Amino acid sequence: MHILFLFVGEPHHVFHALPIAAETAAAGQPVEVAVSSADHLRVVEQVVLAYPGFAPKITLLGQKGFARWLRDKGLVRHPRLPILLDALPFLRQFDAIVVPERTTTAIRYFLPRKTRLIFTPHGAGDRAIMLDPRDRHFDFVLVAGEKSEQRLLDAGTIRPGRYAVNGYVKLDLMRRLQATREPLFANDRPTILYAPHFKRDLSSWDRFGRDVIDWFAAQNRYNLVVAPHVRLFAEASDAERDAVTALAIPGKILIDLASDRLFDMSYTSGADIYLGDVSSQVYEFLGTPRPCLFLNAHGVDWQGDPDYLFWTLGDVVDDLADLPGALERAPSSHRRYADAQCARLAESIGGNPAGAAQRGAEAILGFLAKDAVTDKSGG
């Protein structure tokens, strides 16, 4: 069986799927890895170091043809489809291709009929973005938890016998990486993580972002980490990014718009209180249940809406004038939310993430073995 783990999306996707490759190799099944940029290689190195003995063959794609031209011209940062088309001769040699993004479904019918396309998600949030019709083009899908399983079944994007619930792979990996991390700040103040979403019609950044930073700058009770989704400033000019990062205050306010620490849970594991809007990062933060606050920047009537289920896990702030009081109450009010956080975490990522990558590997290998028997029997 010739299995490829393919990464043509954002580099942080590597955290969600490469651990499954490591566990697949540990089970005795050799795997190969292909990535679309040198940025991916840095993340691959982090994951490989967490799994001693894991040394896959790695292929760097997108270094020629139309994909390279687009990148050299600065027209597209991650030209996924051109990379995939250029790589077709390489991709066609594999019996199974495992991906943590959906663009690869565009080449589904350019691959041999025997090639199985397998999807492992790179998030476990509540928003309807998880309900993507492209999932129907995968032969097999990994699902983080029961909540996602039921919504995907209801939507008809996964089918019985063609998926498995394995837990949240990234949290499984982070248990290996967190043991040696230093504190985010060299003081004993509580640290608040502000993690705004990247979509402007959902994000709290445009309405509240600068005011949040200004408020924290004027007080001395809390530290603040501003760590938005990397795509929020991906298309911003250098001047726009510089204007925001200039608001940082050493030892008090840390602002990170682009580093690898946005992906590796340095901030979600190191903060004491989460302040966000609709980012699924909240479930990574809740790997260890702690106080959460949510900014309702768009006046959303959210109660009872499954897309905002995580807003039941902490106080929701509609007016920034209420933020100081909400922060003051957060540690004591967490008692009201702790049980719900544990329940939602279990639904979203299967509770304890330990073993998620191994379960994913076992599910994929089990599916491929059964599929091979079916093919031979003509079923």
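The values are calculated or read from the model by the stated rules, or taken from the named source; none is laboratory data. None of the values given here were measured: they were computed from a predicted structure. All Cβ positions, even for glycine, are placed from backbone atoms using ideal geometry, and neighbour counts span all protein chains on display. Accessible surface areas use protein heavy atoms only, side chains included; no ligands, DNA or RNA. Shrake-Rupley method; radii C 1.70, N 1.55, O 1.52, S 1.80 Å.
Numbers below:
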| quantity | calculated |
| --- | --- |
| Members of the range 245-259 found to be over 30 Å from residue 333 (Cβ atoms) and either out of contact with any helix residue (DSSP H, G or I) (no Cβ under 8 Å at 6 or more places or on another chain) or buried (at least 16 other Cβ atoms within 10 Å of the Cβ) (or both), listed by number | 245, 246, 250, 257, 259 |
| Residue that is surrounded by the fewest Cβ atoms within 10 Å (Cβ to Cβ), among those in the range 48-66 that are touching a residue at least 24 places away in the same chain (Cβ under 8 Å) and among the aliphatic types (A, V, I, L, M) | 60 |
| Residue satisfying all of: in the range 31-40; at pLDDT 95 or above and of a type outside the set (D, E, K, R); nearest to the chain's Cα centre (by Cα) among these | 35 |
| The range 215-243, residues that are out of contact with any Ser or Thr (no Cβ under 8 Å at 6 or more places or on another chain), in contact (Cβ under 8 Å) with a residue 24 or more places away in the chain, farther than 18 Å from residue 273 by Cβ and assigned to a helix (DSSP H, G or I) | 230, 231, 233 |
| Residue count for the range 196-212, restricted to those that are open to solvent by 80 Å² or more (accessible area, probe 1.4 Å), modelled with pLDDT of 95 or more and within 15 Å of residue 300 (Cα to Cα) | 1 |
| Total residues in the range 347-371, condition modelled with pLDDT of 80 or more and either in contact with an Asp or Glu (Cβ under 6 Å, 6 or more places away or on another chain) or of a type outside the set (Lys, Arg) (or both) | 16 |
| Some residue of the range 322-329 being open to solvent by 50 Å² or more (accessible area, probe 1.4 Å), under 27 Å from residue 183 (Cβ atoms) and not β-branched (Val, Ile, Thr) | yes |
| Some residue of the range 17-35 being polar (S, T, N, Q), within 24 Å of residue 234 (Cα to Cα) and in contact (Cβ under 8 Å) with a residue 12 or more places away in the chain | no |
| Matching residues in the range 1-47 - criterion: being within 29 Å of residue 372 (Cα to Cα), touching a strand residue (DSSP E or B) at 6+ places or on another chain (Cβ under 9 Å) and open to solvent by 20 Å² or more (accessible area, probe 1.4 Å) | 1, 2, 25, 29, 30, 32 |
| Wholly within the range 76-166, strands (runs of 3 or more DSSP E) carrying at least 3 residues that are at pLDDT 95 or above | 96-99, 116-119 |
